[in-house]
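FYI, it's all coordinate maths here, none of it is from the lab. If you're wondering where the values come from, they're calculated on a predicted model, not measured in any experiment. Backbone-built Cβ (ideal geometry, glycine too); neighbour counts: all protein chains shown.
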Amino acid sequence: MKVPFLDLKLQYDSIKDEAQAALEAVLDSCAFAGGPFAGKFEEDFAEYCECAEGVGVGTGTTSLWMALLALGVGPGDEVITTPNTFIATAEAISFCGAKPVFVDVDSETYNMDPRLLEAAITPRTKAIIPVHLYGQVCDMDPITEIARSKELSVVEDACQAHGGQYKGKRAGSIGDAGCFSFYPGKNLGAYGEAGAIVTNDGPLAVRLRMFRDHGQESKGVHSIIGWNSRMDGFQGAILAVKLKHLPAWTEARRRHAGTYRELLSDLDEITLPAEADYAHHVYHIFAIRAKNRDDLIAALKEKDIHCGVHYPRPIHLQGAYEDLGYGVGSFPIAEAQAMESVSLPMFPELTEAQIETVCNEIRRYLGHGAN
Ligand SMILES: *Cc1c(COP(=O)(O)O)cnc(C)c1O
C-alpha cells in the first residue's frame, strides 16, 4: 500500500466546491493584492489565535523578518533561537542585519531549552525566537520570564504550530508577536505562499502593516522604509475557507499520532515524540528517532512508504552560517536529533490502514512481529 508523506490532493478534493467558490469570488471582485479577502482572513485568524490583531504577509519567512523589524531589531543586535529549525528562522534574523545566536534544545521536546537561555544573553541581545517545532509549543513561561527580566522581545515561530496550545493559550498569542506560515504543506496551507503575524500589541500591528506595504502610513505617505509583502487575495480567500476545517484536521492529526503511539510504543529501538504536559501538540510532523535512520527510511521507501527528515543538518553546520563560528559539537542534542530523526507520514486524510502499514513495516524492519 502506498503511503505518501503528505497528500495535498485528497484535502483539496474534500473541499473542492468551497475552494472553487472562494477563488471565483476573488476573480469576480479582482481583489488580488491585500484587499477584503485577505482582510477577512486576518480577522478570522487573529480570533482563532485569541489575539487582537492579525497581519497577513507574503510568506512565513517574511512574517518573522517583519516581526523582528517592527520590534526594532537591526544591525549589531543578536537574536537567540535554536539550530534545529527550518533555515528561515535564522534568515529572518540575518535579513534584519542582526546575528543569530543559537542555544541547544531539550532532549525530550527538541524545543528551546530555557535553562540555556541566560548564558546566551549578551548586552547586544534584542529578542528571542522560540520555535514551536513539529507543532509542539515551547515551554513559554520560563522563556517569557527571562525575556521580561532582560527587556527582550519574544517572537514565536509558530510556523508549524497553528492551533497549538501552551497551558491553554494559543500558539502565537504568548510572545510579543506570533509568526505563521501558510506554505501549502503546513497544518493550515494556502494554495501558494502566504504568512501572517498575530499580536495583542496594537502599535506593533500598525508598524507591521506599514512594513508590509512600503512603509505607507496613509495613501502616498511613506514614513518608514518598508517592503512589498501583502497577502494575496486568493490566498486569503482559500485560507478563510480552510480555517473552518482546521480544528477537525488537527483532531485527525492527533488521532493519527495516538495510533502511531499505540502500534509502536513497545519498540525499544525507536523513540516516540514526547508530548509535554503543558502542550497541546498539533503534530505538523510526527518525528520518531531511530539509529541507522537512513536505512530505515530506505527500507520503508522500498515498500512505497515515504518519510521525511526535519532537518538533516542543523543551521549552525550549514555553509550559509559558517561565519558564525560554530562547529560540530556546539549543540549536541540538536546534532543527535539531526542524525536520528525520521518524520513518518502525517496528514489529516491518512487512513488507519495506512498507519498500520507504516507501523507493521517498521516492526518488520526492526525484527518484530506485526501488532
Ligand atoms: C515553514 C517554516 C518557516 C517559513 O515559512 P515560509 O512560509 O515557507 O516562508 C519558518 N519557520 C519554520 C519553523 C517553518 O517550518
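A few remarks follow.
- Rounded Å value of the spacing that divides the Cα centres of segment 315-371 and segment 81-119: 19 Å
- Computed over segment 197-318, the alpha-carbon pair-distance distribution with 10 angstrom bins reads 10, 23, 25, 23, 15, 5, 0, each value a whole percent.
- Cβ-derived FRET efficiency at R0 35 Å, S107 paired with K150, nearest 0.05: 0.90
- Each label was represented as a point 7 Å from its Cα along the Cα-to-Cβ direction; for L27 and L366 these points are 5.0 nm apart.
- Size descriptors for segment 1-106, from the alpha-carbon set: Rg then Dmax equal 18.6, 54 Å.
- Whether segment 51-174 is rounded, prolate or oblate, judged on the alpha carbon gyration tensor where a/c under 1.5 counts as rounded: rounded
- Antiparallel %, DSSP beta bridges [both residues in the chain], to 5: 65 percent
- Segment 139-209: C-alpha gyration tensor shape, a/c 1.5 cut-off, then a/b vs b/c: oblate
- If the segment from S265 to R313 were pulled out straight at 0.36 nm per residue, it would be longer than the present Cα-Cα gap by 14.6 nm.
- Comparing P130, P273, P247 in a Gaussian network model of the chain, where Cα atoms under 10 Å apart are tied by springs, the biggest mean-square fluctuation is seen for P247.
- In terms of its C-alpha gyration tensor, the chain has an oblate overall shape, because the principal axis ratio a/c (a ≥ b ≥ c, square roots of the eigenvalues) is not below 1.5 and a/b does not outweigh b/c.
- Computed extension gain for L10 through A336, at 0.36 nm per residue and net of the alpha carbon distance, reaches 113.9 nm.
- Efficiency of FRET from Cβ geometry, H245 and T122, R₀ 41 Å, rounded to 0.05: 0.40
- The K303 and E275 beta-carbon pair, evaluated with R₀ = 41 Å, returns a calculated FRET efficiency of approximately 0.90.
- Alpha-carbon centroids, segment 169-213 and segment 1-53: separation in whole Å: 15 Å
- Dipole-positive endmost among L64, A336, H280 within the chain (Cβ charges, Cα centre): L64
- Using the rule -39500 (n - 2.57) for each DSSP H run of four or more residues, divided by the residues of the chain, the 222 nm mean residue ellipticity is -11500 deg cm²/dmol.
- Checked against a 21 Å cut-off, the cross-linked pairs K16/K186; K126/K169; K40/K169; K99/K186; K126/K167; K186/K291 give Cα-Cα distances beyond that limit for K126/K169; K40/K169; K99/K186; K126/K167; K186/K291.
- Taking the Kirkwood radius as Rh and the Cα radius of gyration as Rg, segment 86-239 has a ratio of Rg/Rh equal to 0.97.
- For segment 52-112, the extents of the C-alpha atoms along the principal axes are 34, 29, 21 Å, listed from largest to smallest.
- Using the Cβ of A177 as centre and a radius below 12 Å, the other residues enclosed give a net charge of -4, where K and R count +1 and D and E count -1.
- The stretch between E349 and D141 holds 71.5 nm of extra length on full extension. This uses 0.36 nm per residue minus the Cα-Cα distance.
- Mean separation of Cα contacts under 8 Å, 6 or more apart, over the residue count of the chain: relative contact order %: 22 percent
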